[in-house]
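The values are calculated or read from the model by the stated rules, or taken from the named source; none is laboratory data. This structure is a prediction, so every number in the text was calculated from the model and none was measured. Cβ: placed from backbone, ideal geometry, glycine included. Neighbour counts: every protein chain shown. Please note that ligands, DNA and RNA were not included when accessible areas were found on the heavy atoms of the full protein model with its side chains. Shrake-Rupley method; radii C 1.70, N 1.55, O 1.52, S 1.80 Å.
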Amino acid sequence: MSANDTPQQSATYDSAFLRACRREPVPHTPVWFMRQAGRSLPEYRKVREGIPMLESCMRPELAAEITLQPVRRHGVDAAVYFSDIVVPLKAIGIDLDIRPGVGPVVEKPIRTRADLARLRDLTPEDVSYVTEAIGLLTRELGATPLIGFAGAPFTLASYLVEGGPSRTYENAKAMMYGDPELWADLLDRLADITAAFLKVQIEAGASAIQLFDSWVGALAPADYRRSVMPASAKVLDAVAGYGVPRIHFGVGCGELLKLMGEAGADVVGVDWRVPLDEAARRVGPGKALQGNLDPTVLFATTEAVEAKTDEVLEAAAGLEGHVFNLGHGVMPSTDPDALTRLVEYVHTRTAR
């Protein structure tokens, strides 16, 4: 089944968000925020009270409600499915948990070739709750697109090999440099799992997907090209036939922007460290860009937020396509009203 055949796709096709992703004229610059569905919203904290993160992701009605909350409150141009990048790993039986204040923790890290056997294929039945939740969402969202997402193979591998979050990735890099065949096989298997997870979301009705390679900025370009890019390209190629925009985002990836675009992205996400006009020069023609207001700007005065937003919009003025976003996710203590004002400001400022 092609996602382009679903009624939801037809309803969303001419949305500002999808038009920008396709580098077509838009009525205004579309806006959505990474982590827009989350801890910055009091309604989110209320519905999630006492419910662990992974359990929240596996309850279809709850996941749908959380996904819809920022659309109702902020008037963003796209919803992003409420989930976590480790959900597909949990779904295939990896013993992991998301610990508050820490992040994903893997009970038994992947360190040897024998450990690869624990990474079985992901089937749609493993994540039936995703299909159910997206079905609920697309009926509610109507013409508002839904973005599905997944963690990229390098970032998933980093969690699996390290056993949890890391600042140095010494175990993952030791495998990458010291046992490149094992590393390549690990990333290839994760590419298959990730592609399967994205296919489930698209076939359920997601209008676009984003591949998060949150930690790949820890690599030099040569290492990325040789040891990571093939797996990311495999994921993005696996969903190319659906015709939905593919967004590729990483943090601290200024030196990797061109390569991340070459991996198969239609839209390259840019963090706040590189101005969008410079990012466009690095990425090259034929790609839309997404970004890239520093999330901490939202803690400043409204006047300061507007001034910094103007800088982003001015840098984006010559782009083939631009989706306004933060340069990373919404921070938990962000004032929700600041996000609502920002959406309205960008819409008004860029109205054609």
Net charge within 15 Å of residue 192 by Cβ-Cβ distance, Lys/Arg positive one each and Asp/Glu negative one each, not counting residue 192 itself? 0
Between residue 348 and residue 258, what length comes free when the chain is fully extended (0.36 nm per residue of separation minus the Cα-Cα distance, one decimal in nm)? 29.3 nm
Lys and Arg at +1, Asp and Glu at -1: neighbours of residue 297 with Cβ under 14 Å from its Cβ sum to -4
Run the accessible area of region 5-151 with a 1.4 Å probe and give the carbon-and-sulfur part as a rounded percent. 51
Cα centre as origin, Lys/Arg/Asp/Glu Cβ charges: the chain dipole, Debye: 140
Mean shadow area of region 1-157 over all directions, Cα convex hull, nm²: 10.8
In square nanometres, what is the average projected area of the Cα convex hull of the chain? 15.6
Only Cα pairs within less than 10 Å get springs; with that Gaussian network setup on the chain, which residue of 296, 144, 168 has the largest fluctuation? 168
Over the alpha-carbon set of region 97-216, divide Rg by the Kirkwood Rh and report the Rg/Rh ratio to two decimals. 1.02
Nonlocal amide H pairs with residue 325, under 5 Å, H built at 1.01 Å: 291, 292, 293
Per-q log10 I(q)/I(0), region 77-153, q = 0.11, 0.13, 0.14, 0.22 Å⁻¹ (Debye; single scatterer per alpha-carbon; no solvent): -0.38, -0.52, -0.59, -1.10
Taking the Cα atoms only, what angle lies between the long axis of helix 128-141 and the longest principal axis of the chain, rounded to 10 degrees? 10
How much length, in nm to one decimal, is gained on full extension between residue 140 and residue 300, taken as 0.36 nm per residue of separation minus their Cα-Cα distance? 54.2 nm
Project the alpha carbons of region 264-352 onto their principal axes and report the range along each, largest first, in whole Å. 36, 29, 17
Determine by what factor the alpha-carbon radius of gyration of region 150-250 differs from 2.2 N^0.38 Å, reporting the quotient. 1.06
Rounded to whole Å and ordered largest first, report the semi-axes of the equivalent ellipsoid of region 206-316 derived from its Cα gyration tensor (root of 5λ). 26, 16, 12
For region 280-323, the Kirkwood Rh over every pair of distinct alpha carbons, in Å, works out to 11.4
Taking only protein heavy atoms into account and a 1.4 Å probe, give the accessible area per residue of the chain in Å². 40
Theoretical ellipticity at 222 nm over the chain - DSSP helices of four or more residues, -39500 (n - 2.57) apiece, nearest 500: -13500 deg cm²/dmol
Which of the residue pairs 199/287; 46/308; 90/199 have a Cα-Cα distance greater than 29 Å in the structure shown? 46/308
Local net charge near residue 64, Cβ-Cβ under 11 Å (Lys/Arg +1, Asp/Glu -1): -2
